[in-house]
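Structure, as structure tokens:
The values are calculated or read from the model by the stated rules, or taken from the named source; none is laboratory data. In this text, all values refer to a predicted model and were calculated from it rather than measured experimentally. Virtual Cβ from ideal backbone geometry, glycine too; neighbours counted across all protein chains shown.
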Amino acid sequence: MNEKILLIVVGAVGLVVISLTFSILLMKSWRQGRITRQRRKRRAIEPGLLRYLGSREGALERFIPMPVEGSLRAAVVELLLEHTSILKGEAMERITSALEQLGMVREEIGRLRSGSAWRRAAAAERLGLARSPLAVEPLAKRLEDPDEEVRLRAGRALGQIRGTLAVRPLIAALSEPSRWSTMRVAEILSNMGSEAEEELIRSYPDLAPKARVAALDILGRLRRPGSASFIEQRLRDEDPDVRARAAHALGQIGDPTAYRSLLEAMQDPEWPVRAMAAKALGRLRVPDSAPALALRLRDRQWWVRSNSAQALIELGETGTRTLLDVLDSPDIYARHQAVLMLQQTGLVDRYVDQLCRADEEATLARRVVSRIAEMGRVDRLEELSRVHRFESVRETLAGILRKAAPASGARA
């Protein structure tokens with residue numbers, strides 16, 4: 001009896017395995033046939049579709065047989081979507097027109113109301129590729145979707161569609177950080193060009209305080225000189241966060257005419273504003289800003305001193321000369337910040353290399369190295385006195401260190 005049951009079980013298992021194998025082969029064969037048929041259809045319609053995209057006028061039906069239905073329609077839609085990543089201007093507008101005519105845009109808008117978050121996210125992504133203005137309002141509603149991935153893809157889709165209507169809901173999202181990442185919105189808006197710039201400036205007075213800071217950051221990333229004068233006015237805002245972000249944005253835009261406003265910001269009572277103004281002046285690279293940056297090397301806030309020193313390096317030769325002059329400053333903060341920057345940029349090593357020469361450069365190098373040694377900042381100098389490739393430099397440097405040793409404690 002047991003043997004019969006065992007045989008029945010083995011037979012049943014074998015039958016199941018055979019059935020599964022047959023089903024898998026059947027499904028694979030069906031999928032392969034479907035792919036083959038799809039490829040044939042794509043090859044048949046692709047020449048006409050390319051002519052449509054290359055033409056400046058004429059409806060879709062002039063180039064491919066209509067009506068386009070079923071799998072042929074799916075092939076046309078996929079071909080059009082594939083070209084959205086490489087075509088711009090009029091050709092992209094013709095893709096959008098064709099997708100609207102085929103009903104693809106309408107269908108994907110309908111899927112935005114699906115109960116499946118995955119379907120809503122996929123629909124948002126495809127609508128972004130289609131670039132249809134018809135999708136702006138439905139996508140804007142999805143910025144409030146309970147699913148984070150749907151919100152993200154809806155935001156990206158609006159960024160791809162561009163235009164003033166697409167910008168407005170994204171700017172509104174800057175004031176609602178509970179469901180939407182401000183950083184993600186800023187990233188999307190930063191790629192939207194003049195439409196984002198104009199709408200951000202127009203909407204700025206109505207934005208929440210944190211959204212205003214984000215708006216200035218976006219304007220800086222856009223790097224459009226036309227917004228520089230608007231941002232300069234924000235340097236006089238009562239909110240120090242706004243003033244600091246405005247200074248940073250002016251540095252990102254890089255308009256040298258803004259340097260006078262940034263020089264005034266270097267006197268701001270709030271240290272973050274001074275620090276951002278110093279960083280911005282370094283990016284503008286206006287030599288006339290060197291004295292103000294040198295003065296801020298005496299600032300009691302480390303970030304202000306650090307950014308000022310880095311900005312002087314950005315000024316090139318003028319900034320380097322200023323840093324060397326600061327080595328004789330009576331202010332210990334300024335002297336040490338100057339030495340730190342000279343070391344970080346490799347200038348100290350270059351001056352040490354010149355100690356073995358017999359010209360004006362060697363004289364300057366000896367003065368600089370001696371002053372640094374007298375200040376007691378000798379870690380790097382002592383290392384070079386042991387490992388430098390030239391014996392004459394090692395000996396000269398060792399002599400400077402010995403001579404400076406008694407004075408370093410008194411003058412540091």
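Condition first: of a type in the set (A, V, I, L, M, F, W, C) and without any contact (Cβ under 8 Å) to a residue 12 or more places away in the chain. Now tell me which residues in the stretch 178-236 satisfy that.
Keep residues of the stretch 178-236 that are of a type in the set (A, V, I, L, M, F, W, C), which gives 180, 183, 185-186, 188-189, 192, 196, 200-201, 207-208, 211, 213-216, 218-219, 222, 228, 230-231, 235.
Passing the criteria: only M183.
Against the conditions (1) over 21 Å from the mean Cα position of the chain (by Cα); (2) outside any helix (DSSP H, G or I); (3) at pLDDT below 90, where does P177 fall short? Just the number, please.
(1)
One residue is enough: does the stretch 376-383 have a residue meeting the conditions closer than 19 Å to T320 by Cβ and surrounded by fewer than 19 Cβ atoms within 10 Å (Cβ to Cβ)? Can you show your working first?
Of the residues in the stretch 376-383, the ones closer than 19 Å to T320 by Cβ are 377, 380-381.
From what's left, surrounded by fewer than 19 Cβ atoms within 10 Å (Cβ to Cβ): 380.
Yes, the conditions are met somewhere in the stretch 376-383.
Checking R350 against (1) surrounded by 14 or more Cβ atoms within 10 Å (Cβ to Cβ); (2) basic (K, R); (3) farther than 24 Å from P272 by Cβ, which single condition isn't satisfied?
Every listed condition holds for R350 apart from (1).
Just one of (1) crowded, with 20+ Cβ neighbours inside 10 Å; (2) closer than 17 Å to E187 by Cα; (3) among the hydrophobic types (A, V, I, L, M, F, W, C) trips up A172, so point out which.
Checking A172 against (1) crowded, with 20+ Cβ neighbours inside 10 Å; (2) closer than 17 Å to E187 by Cα; (3) among the hydrophobic types (A, V, I, L, M, F, W, C), the one that fails is (1).
Within the stretch 345-379, can you find the residues that are within 19 Å of Y333 (Cα to Cα) and charged (D, E, K, R)?
R371, E374, R377, D379 - these are the residues of the stretch 345-379 that are within 19 Å of Y333 (Cα to Cα) and charged (D, E, K, R).
Condition first: of a type in the set (D, E), touching a Lys or Arg at 6+ places or on another chain (Cβ under 8 Å) and within 30 Å of R386 (Cα to Cα). Can you find one or more residues in the stretch 301-324 that meet it? Full working, then the answer.
So in the stretch 301-324, the residues of a type in the set (D, E) come out as 314, 317.
Then keep just the ones that are touching a Lys or Arg at 6+ places or on another chain (Cβ under 8 Å); that gives 314.
Add one more test, that the residue is within 30 Å of R386 (Cα to Cα), and what stays is none.
The answer is no; no qualifying residue exists.
Being of a type in the set (D, E) and outside any loop (DSSP other than H, G, I, E, B) is the filter here; which residues of the stretch 51-93 pass it?
Let us first name the residues in the stretch 51-93 that are of a type in the set (D, E), namely 57, 61, 69, 78, 82, 90, 93.
Once the filter is applied, which keeps residues that are of a type in the set (D, E) and outside any loop (DSSP other than H, G, I, E, B), the stretch 51-93 yields E61, E78, E82, E90, E93.
All but one of (1) surrounded by 17 or more Cβ atoms within 10 Å (Cβ to Cβ); (2) assigned to a helix (DSSP H, G or I) hold for M192; state the number of the condition that does not hold.
(2)
Mind listing whichever residues of the stretch 295-325 are within 19 Å of Y351 (Cβ to Cβ), surrounded by fewer than 24 Cβ atoms within 10 Å (Cβ to Cβ) and more than 29 Å from the chain's Cα centre (by Cα)?
E317, T318, T320, R321, T322, L324, D325
Read through the list (1) touching a helix residue (DSSP H, G or I) at 6+ places or on another chain (Cβ under 7 Å); (2) at pLDDT 90 or above; (3) over 25 Å from R296 (Cα atoms); (4) surrounded by fewer than 20 Cβ atoms within 10 Å (Cβ to Cβ), then give the number of the only condition that Q343 fails.
(3)
Taking only the stretch 256-294 into account, find how many residues are over 22 Å from L342 (Cβ atoms), crowded, with 16+ Cβ neighbours inside 10 Å and touching a Leu at 6+ places or on another chain (Cβ under 6 Å).
Residues that pass the stated criteria total 7.
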